[in-house]
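The values are calculated or read from the model by the stated rules, or taken from the named source; none is laboratory data. Model, not experiment: these values are computed from the prediction. Reconstructed Cβ throughout: ideal geometry from the backbone, glycine too, with neighbour counts over all protein chains shown. Side chains are part of the model used for accessible areas, which takes the heavy atoms of the whole protein and leaves out ligands, DNA and RNA. Shrake-Rupley method; radii C 1.70, N 1.55, O 1.52, S 1.80 Å.
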Amino acid sequence: MKVLVIGAHGQIGQQLVHILQKSHSCEVIAGLRSVEQEKAYQEQGIATAFVDLTKPQKQLEQVMQMVDIVVFSAGSGGKTGADATMMIDLDGAVKAINAAEKTNIQRFIMVSSIKSDDRSFWSDHAPAVEPQSYYYAAKYYADQWLYHSSLDYTVLRPARLLNATATGKVKIAQHITEPASAITITRADVAEVIAEIIEKDKLHRKDFDLANGAVPIAQAISNFQ
């Protein structure tokens, strides 16, 4: 099983690539947007593909030939403006979804964001000019595009992300009721959850909120099935 990770140089993507590299059930391909990034991964024995989400969709279609699963963990980053957010987090995601359909890929795993599915959270109260409004809008409409595609999707909506060692324990729910400001998850745990979904072939056509919790990852995924 070949897994293409789009956004493999991001903080979640990097950790996911290294987890999957050790897997006996799949072959990982790191989707990267610069020659320097590709060289760094190739030196570690990791297969790479050039992926620039600002380029035409055809480039993505070429990369996705012979790929079984696509993981979209790309993002424009917190320091960019609304233009980059819309072109990467929204239009880039839509291109990837469309390319996956064109190349007959079945499985598409999307890393979204907590509350992105709740329009009242980011649209009704926050001023439209605030950066997070653009971010949540991009995530919301990218997810909607995926839901209305023919792809077998899984959409993760992680809580506020932390750089810390994986705990191995999470909470998975359709909607976590605690305030978004009160819940977190390590990027390492997000990567572990995605790897578990891929390797155990779980959570088909599911979307869910994700935070650190008290339940081991494998059990939390099985419970949500």
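Here are the numbers for this structure:
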read-out: Residue within region 62-78 that is of a type in the set (S, T, N, Q), in contact with a strand residue (DSSP E or B) (Cβ under 6 Å, 6 or more places away or on another chain) and open to solvent by less than 30 Å² (accessible area, probe 1.4 Å) present; value: yes
read-out: Lone unmet requirement of (1) farther than 18 Å from Lys202 by Cα; (2) within 18 Å of the chain's Cα centre (by Cα) for Phe121; value: (2)
read-out: Of all residues making up region 10-65, the number that are of a type in the set (Ser, Thr, Tyr) and touching a residue at least 60 places away in the same chain (Cβ under 8 Å); value: 2
read-out: Test set (1) open to solvent by 40 Å² or more (accessible area, probe 1.4 Å); (2) without any contact (Cβ under 8 Å) to a residue 60 or more places away in the chain - Gly213 fails condition number; value: (1)
read-out: Output for region 56-80, where each listed residue is closer than 18 Å to Gly10 by Cα and modelled with pLDDT under 95; value: Gly75, Ser76, Gly77, Gly78, Lys79, Thr80
read-out: Residue tally, condition open to solvent by 70 Å² or more (accessible area, probe 1.4 Å) and not polar (S, T, N, Q), over region 21-61; value: 12
read-out: Residue count, region 139-160 (criterion: open to solvent by 60 Å² or more (accessible area, probe 1.4 Å) and either touching a residue at least 24 places away in the same chain (Cβ under 8 Å) or farther than 22 Å from Met87 by Cα (or both)); value: 4
read-out: Residues of region 168-194 satisfying the condition of being over 17 Å from Asp118 (Cα atoms), in a helix (DSSP H, G or I) and aliphatic (A, V, I, L, M); value: Ala188, Val190, Ala191, Val193, Ile194
read-out: Enumerated helices (runs of 4 or more DSSP H) restricted to region 1-69, each holding at least 1 residues that are within 25 Å of Asp189 (Cα to Cα) and in contact with a Cys (Cβ under 9 Å, 6 or more places away or on another chain); value: 11-21
